[in-house]
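Student: Take a look at the following structure, please.
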Amino acid sequence: MPATDSSDRAKIGYALGGGGARGLSHIGVIKVLEEYGIYPDVIAGTSIGALVGALYASGLRAGDIERAMRLDLRRLAMLADVTWSLTGLVKGRRVAAALKSFLGDLTFNDMKIPFACVATDIISGEEVVLRTGPVITAVRASISVPGLFTPVRCQGRYLVDGGLVNMVPVSICRQMGADFVVGVNVIPDPSQLLHQPEHEVGDSEEEEDSRLSRSRRSRQQKSAAPNVVKVLIQSLYIPGYRIARENLRDADLTISPEVGDIGFFQFDKEAEAIEAGERAARKALQEAGI
C-alpha cells in the first residue's frame, strides 16, 4: 500500500461493486480503511456501490453513511412501486424518493472527491460512465436492474445497471488517474445463491417472518422452482460474478466480503453486511502486510 501522508504519494482509488443489499458491506470496508488512515482520491461505483460511493464522495464518512442508511435504505427493500409497463416491473418513484433523501440535489460538481458512476446503455450495450449532472439520476441509472426497474433516460440514452458491463469498476478508477486501486466485490458464487431464502419484493416484516418459517420447515424438502424476481437477479449474478472476477485482476488490493447469506433485497441486514465488510477488509489488509 502506498503511503497516505506524503505529498507525492500514489493516488488511491476505490472501486465499489454492485450486488444489492450485499453492497452495504462497502460501508464496513470503508470504516476499516479509515481506521488504517487510508482515504481515496477518486471513487468509482456500480449499482449499490454507486450509491455508497456517491455518499462518501459527497464528504460523508463511513459512520455518517451507516447512520443515514440504517433507517432510510429500508425503503429500497420494499420496491412497492410496481407497474405492468413493458419496460420494467418497477417504475422506481419510491426508489427515486429514497435516493433523494440521501443525495438531495447534489451534482457531480458538488462532490468533495472525484466520483464516477457506471451504467449500461441497454440499446447499444455500451458502458456509460457518468460524471456530470445530477448525482441522483446517475445513481438511479446505475442501480436499474434490467427487467425489474424501468430504464433511465439520461444523456440521450436508456440506461440500466452498470453491472452488466463493469461490476467492479477498477478500470474507471485507472482512467481517473488512480495508481493504487482498492477493488471491493460483493457478488458471491451464484451457484450457491438461487435457492437460499430471499426477501421478496414488497414483503412486509410479518410476511418475511412467515416466509422464513416456511423455509425452515421445508429445508429438507426439494427446492421449489425460482420465481421470476429470483430468475431476473440470478441472470445478472451469473455473468456478473465472472465480470467481477475479471475486473479485479487489475486491482492492487481486493476485498470480497462473505455476504452470500444476505439476499439481494435484504436491506434490513445492514448490520450483518457491514460487519462482513469490516472482517473482509481487516483480513485483506493483514494479508497484504499493511
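Student: For Ser47, Ser235, write out the residues from largest to smallest accessible area, computed with a 1.4 angstrom probe and no ligands counted.
Tutor: From most accessible down to least: Ser235, Ser47.
Student: I'd like the accessible area for Ile290, computed on protein heavy atoms only with a 1.4 Å probe and all protein chains in place. Round to 10 Å², please.
Tutor: Counting only protein heavy atoms, Ile290 exposes about 60 Å² to solvent.
Student: Largest first, what is the accessible-area ranking of Lys100, Lys112, Lys11, Lys230 with a 1.4 Å probe?
Tutor: Lys112, Lys100, Lys11, Lys230
Student: If you don't mind, another one. For region 244-290, report the translational diffusion coefficient in µm²/s to the nearest whole number, using Stokes-Einstein at 10 °C, 1.306 mPa s, and a Kirkwood Rh over Cα pairs.
Tutor: Estimated via Stokes-Einstein, D reaches 134 µm²/s.
Student: May I ask you to rank Glu35, Glu270, Glu258 by accessible area, largest first, using a 1.4 Å probe over the protein chains only?
Tutor: Glu258, Glu35, Glu270
Student: Sticking with this structure for a sec: Kirkwood Rh, region 110-192, all Cα pairs: how many Å?
Tutor: Evaluated over region 110-192, this radius sits at 13.5 Å.
Student: Over 26 Å between C-alpha atoms is what I'm after, so list which of Lys11/Lys31; Lys230/Lys283; Lys31/Lys230 land there.
Tutor: Beyond 26 Å between Cα atoms: Lys230/Lys283; Lys31/Lys230.
Student: To continue, here is another question. Going by Cα centres, region 251-278 and region 94-151 are how many Å apart?
Tutor: 21
The values are calculated or read from the model by the stated rules, or taken from the named source; none is laboratory data. Source: prediction; values computed, not measured. Note: areas computed on protein heavy atoms with side chains; ligands, DNA, RNA excluded. Shrake-Rupley method; radii C 1.70, N 1.55, O 1.52, S 1.80 Å.
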